[in-house]
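Q: The structure that follows is given in the form of structure tokens.
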Amino acid sequence: MSSSSSSSSSSSSSSSSLLSPLQLPMKPIPGDCGHTFFGPFRDRLAYFYHEGRDKFFENRIQKHKSTIIKTNMPPGPLIASCPRVVCLLDAVSFPVLFDTSKVEKRDVLDGTFLPSLAYTGGHRVCAYLDPSEPKHTSLKSFILSTLSARHHKFIPLFQTGLSELFNELEAQISSKKEAYFNTLSDTMSFNYVFRLFCDKSPSETRIGFKGPKLVDKWLLFQLAPLGSLGLLPNLLCYFEDILLRTFTFPFFLVKSDYKKLYDVFYEFGSSVLDEAESKFGIERDEACHNLVFLAGFNAYGGMKVLFPGLIKWVALAGQKVHKKLADEIRTSVEVEGGVTLSALNKMVLTKSVVYEYLRIDPPVPFQYGRAKVDFVIQSHDAAFEIKKGEMIFGYQPFATKDPKVFENPEEFVGDRFVGEGEKLLKYVYWSNGRETEETRAGNKHCAGKDLVVLLCRVMVVELFLRYETFEVESGTFMFAPSVTFKSLTKVSSP
């Protein structure tokens with residue numbers, strides 16, 4: 001998947017009959033980015049409205065007979081001056097985005113544009129840094145240390161939140177015959193994250209029960225250029241496109257909301273900030289802005305997508321899978337005397353179901369990086385030269401549903417990763433790295449990778465300790481699945 005700079009340079013002047021190191025034919029990267037100004041408009045209208053996200057990529061694969069193509073990615077002008085990307089749409093090419101010797105991860109979290117640093121107190125937080133930058137190691141080490149010091153709280157705090165969530169679900173279904181999951185999940189998620197880092201319920205602080213709304217507004221104003229309400233192609237969709245993607249939203253509209261979040265984390269996250277100063281040499285103000293970003297953007301923002309998606313796919317798995325999960329979960333919990341790590345590790349189907357969800361519908365579907373050097377990248381059937389400075393974009397759902405790697409890739413197969421299937425985990429990329437690799441201070445692998453998998457497993461476990469099966473209706477709103485519970489069948493008393 002790589003070559004030296006000299007071989008990359010020579011390949012640019014050689015014919016397409018040259019072979020790559022794995023004996024694949026060298027080809028030019030196909031694709032049509034169009035006019036510098038009008039091409040991005042054409043592509044983003046197709047992406048959001050005329051074709052839709054998956055069809056946008058699928059149609060270009062078919063047109064160019066290649067899973068590596070050139071195209072434009074939103075938001076385009078006037079927000080992003082250079083929206084052109086090399087797009088990776090298969091399992092073989094995608095992992096180059098994890099190789100920081102070839103790609104730079106500086107300021108690419110949100111793709112081809114960087115929201116105003118006013119949203120993060122004027123600081124480039126850890127998520128915006130490339131591992132080569134001096135502050136990256138200290139900031140990520142601080143984050144990893146913060147999580148490690150709280151590992152004993154992961155399960156019990158989450159169980160408390162889930163109990164409150166399930167009680168409210170049952171109450172709403174009883175009174176209204178249905179319950180909208182997302183709002184309840186958001187409340188639970190914010191409470192969990194705040195309790196984890198600040199050792200206090202947010203309801204006992206000055207933000208009270210407003211935490212999710214404060215963070216939602218802060219997130220929306222940063223990410224609006226990448227979103228859509230899912231409007232059909234009509235005059236309204238063009239109005240939405242102009243509104244969201246002509247100019248970024250100014251920070252002053254959420255300045256007071258962000259200050260409330262900053263102040264409450266500064267006050268109640270004092271033990272975390274003390275460690276940042278004393279152990280890692282990070283100034284307290286910068287540490288606090290990183291803590292707000294970690295808690296609000298990375299953790300809570302991720303959970304807004306993660307948990308509704310998990311519920312959606314487990315519901316779609318059907319009652320036969322529900323029965324198998326319930327039997328495995330209840331047996332393991334009974335043998336181990338509770339929901340312990342030992343019990344969780346015995347639940348192979350439960351673990352596989354979580355990985356299958358993260359494969360089929362990764363909560364963060366996009367990855368970006370800018371080429372640091374000239375190099376050769378390979379798909380299944382060809383090799384292509386990428387030049388230094390080019391923006392590389394990976395659409396993860398196509399990589400993790402690659403039909404040349406996964407059998408029946410569009411189907412949710414609950415036991416896909418059981419037994420020999422565990423070998424396929426190296427092709428699960430949801431965490432900005434392979435599932436089989438560890439996060440470190442020196443890479444861009446998600447710092448909360450193991451925690452995310454753990455919480456998903458605990459959610460499934462607690463669900464089937466309490467219920468036999470359930471039904472939901474699902475859709476999509478902005479960046480997340482929208483899930484409404486229609487029924488819950490409680491476990492019958494012995």
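The values are calculated or read from the model by the stated rules, or taken from the named source; none is laboratory data. Only a predicted model underlies this, so the values are computations on that prediction, with no experimental measurement involved. When we count neighbours, we look across all protein chains shown, and the Cβ atoms used for this are built from the backbone with ideal geometry, even at glycine. What goes into the accessible areas is simple: the full protein's heavy atoms, side chains included, and nothing from ligands, DNA or RNA. Shrake-Rupley method; radii C 1.70, N 1.55, O 1.52, S 1.80 Å.
Q: What list of ³J(HN,Hα) values in whole Hz, one per residue of the stretch 356-362 in order, does the Karplus curve 6.51 cos²θ - 1.76 cosθ + 1.60 (θ = phi - 60°) give from phi, with Gly and Pro shown as x?
A: 5, 4, 5, 7, 6, 8, x
Q: In deg cm²/dmol and to the nearest 500, what is the mean residue ellipticity at 222 nm of the chain if only DSSP H runs of at least 4 residues count, each as -39500 (n - 2.57), divided by the residue total?
A: Details: 17 runs with 216 residues, N = 494.
Helix contribution divided over all residues of the chain: -14000 deg cm²/dmol.
Q: Among Gly448, Ala299, Met391, whose Cα lies farthest out toward the positive end of the dipole of the chain, if unit charges sit on the beta carbon of Lys, Arg (+1) and Asp, Glu (-1)?
A: Met391
Q: Also, quick follow-up: Which far-off residues, 5 or more places away or on another chain, put their amide H under 5 Å from the one on Ile392, with H placed in the peptide plane?
A: Here Val86, Gly369, Arg370, Ala371 satisfy the definition.
Q: Still on this structure, please answer the following. Counting only protein heavy atoms and a 1.4 Å probe, tell me what percentage of the stretch 26-490's accessible area is made up of carbon and sulfur.
A: On the way: 10730 of 19100 Å².
Heavy-atom surface of the stretch 26-490 belonging to carbon and sulfur, 1.4 Å probe: 56 percent.
Q: Let me ask something additional. Could you give the size of the charge dipole of the stretch 26-490 about its Cα centre, using +1 on the Cβ of each K and R and -1 on the Cβ of each D and E, expressed in debye and rounded to the nearest 20? Let's see the in-between values first.
A: Working: 58 positive and 56 negative charges, 113 e Å.
Using Cβ point charges on Lys, Arg, Asp and Glu, the stretch 26-490 gives about 540 debye.
Q: Would you mind checking the pairs Lys210/Lys255; Lys135/Lys387; Lys105/Lys135; Lys177/Lys490; Lys312/Lys486 and listing those with alpha carbons more than 20 angstrom apart?
A: Checking Cα-Cα distances, Lys135/Lys387 exceed 20 Å.
Q: Taking H as built 1.01 Å from N, whose amide H comes closer than 5 Å to the amide H of Ser487, not counting residues under 5 places away?
A: Glu471
Q: In whole Hz, with x marking every Gly and Pro, tabulate ³J(HN,Hα) for the stretch 165-175 from phi via Karplus 6.51 cos²θ - 1.76 cosθ + 1.60, θ = phi - 60°.
A: 5, 5, 4, 6, 4, 4, 5, 6, 5, 5, 8
Q: Moving on to the next point. Which is farthest toward the positive dipole end of the chain among Met478, Met459, Cys237, measuring Cα position about the Cα centre, with Cβ charges +1 (Lys, Arg) and -1 (Asp, Glu)?
A: Cys237
Q: With a sphere of radius 11 Å drawn around the Cβ of Ala315, what net charge do the other residues whose Cβ falls strictly inside it have (Lys, Arg +1; Asp, Glu -1)? Each step should come with its number before you reach the end.
A: Values: positive: Lys312, Lys486; negative: Glu471, Glu473.
Result for the local shell: 0.
Q: Another question, then. Too long at a 19 Å Cα-Cα cut-off: which of Lys213/Lys304; Lys388/Lys449; Lys102/Lys388; Lys423/Lys444; Lys27/Lys65?
A: On the way: Lys213/Lys304 12 Å; Lys388/Lys449 30 Å; Lys102/Lys388 9 Å; Lys423/Lys444 23 Å; Lys27/Lys65 12 Å.
With Cα atoms farther than 19 Å apart: Lys388/Lys449; Lys423/Lys444.
Q: Would you please give the residues with an amide H less than 5 Å from that of Lys70, counting only those at least 5 places away or on a separate chain, with H modeled from the backbone geometry?
A: The answer is Gly31, Asp32, Cys87.
Q: Give or take rounding to whole Å, what are the principal axis extents of the alpha carbon atoms in the chain, in descending order?
A: 73, 51, 49
Q: Say each of Lys55 and Phe252 gets a label point 7 Å from the Cα, pointing the same way as Cα to Cβ; how far apart are those two points in nm?
A: Between Lys55 and Phe252, the simple spin-label model gives 4.2 nm.
Q: Let me make sure I get this right: for the stretch 166-275, a, b and c are the square roots of the gyration tensor eigenvalues over alpha carbons, sorted descending. Under 1.5 in a/c it's rounded, otherwise prolate if a/b > b/c, else oblate. Which is it? Provide the component values of the computation, followed by the final result.
A: Details: a/c = 3.13, a/b = 1.24, b/c = 2.52.
Taking the square roots of the gyration eigenvalues as a ≥ b ≥ c, the stretch 166-275 is oblate.
Q: Place a +1 charge on the Cβ of each Lys and Arg in the stretch 366-430 and a -1 charge on the Cβ of each Asp and Glu, then give the dipole magnitude about the Cα centre in debye, rounded to the nearest 20. Mind dumping the intermediate values first?
A: Working: 9 positive and 11 negative charges, 86 e Å.
With Lys and Arg at +1 and Asp and Glu at -1, about 420 debye.
Q: A further question on this structure: How much accessible surface does Tyr427 have with a 1.4 Å probe, in Å² rounded to 10?
A: Surface open to solvent at Tyr427 totals about 60 Å².
Q: Ok, one more. At a 1.4 Å probe radius, which order do Cys87, Cys446 fall into by accessible area, largest first? Write down the numbers at each step before the final one.
A: Working: Cys87 0, Cys446 45 Å².
From most accessible down to least: Cys446, Cys87.
Q: Can you give the accessible area per residue of the chain, in Å², using a 1.4 Å probe?
A: On the way: 21090 Å² over 494 residues.
Value returned for the chain: 43 Å² of accessible area per residue.
Q: Taking the Cβ of Lys444 as the center, what net charge do the other residues with Cβ under 12 Å away carry, scoring Lys and Arg +1 and Asp and Glu -1?
A: Working: positive: Lys105, Arg106, Lys140, Arg440, Lys449; negative: Asp99, Glu104, Asp130, Glu133, Glu437.
Value of the local net charge: 0.
Q: Per residue of the stretch 234-247, in order, report the coupling 6.51 cos²θ - 1.76 cosθ + 1.60 (Karplus, θ = phi - 60°) as ³J(HN,Hα) in whole Hz, putting x for Gly and Pro.
A: 8, 4, 4, 5, 5, 5, 4, 4, 5, 5, 8, 10, 8, 9
Q: Additional query: Counting other Cβ atoms within 10 Å of each Cβ, which chymotrypsin sites (Phe, Trp or Tyr not before Pro) in the stretch 202-297 have at most 12 and sit in a DSSP loop? Numbers along the way, then the final one.
A: Numbers: sites: Phe209, Trp218, Phe221, Tyr238, Phe239, Phe247, Phe251, Phe252, Tyr258, Tyr262, Phe265, Tyr266, Phe268, Phe280, Phe293, Phe297; in loops: Phe209, Phe247.
Sites meeting the loop and neighbour criteria: Phe209, Phe247.
Q: Taking 7 Å along the Cα-to-C-beta vector as the label spot, tell me the Lys426-His152 distance in nanometres, rounded to one decimal.
A: Taking the simple label geometry, Lys426 and His152 are separated by 3.8 nm.
Q: State to the nearest 20 debye the size of the charge dipole of the stretch 115-181 about its Cα centre, where the only charges are +1 on K and R beta carbons and -1 on D and E beta carbons. Numbers along the way, then the final one.
A: Numbers: 7 positive and 6 negative charges, 43 e Å.
In total the dipole reaches around 200 debye.
Q: In the P(r) worked out for the stretch 118-226, what percent of Cα pairs fall beyond 22 Å? Each step should come with its number before you reach the end.
A: Working: 2998 of 5886 pairs.
Considering the stretch 118-226, 51 percent of its Cα-Cα pairs are separated by more than 22 Å.
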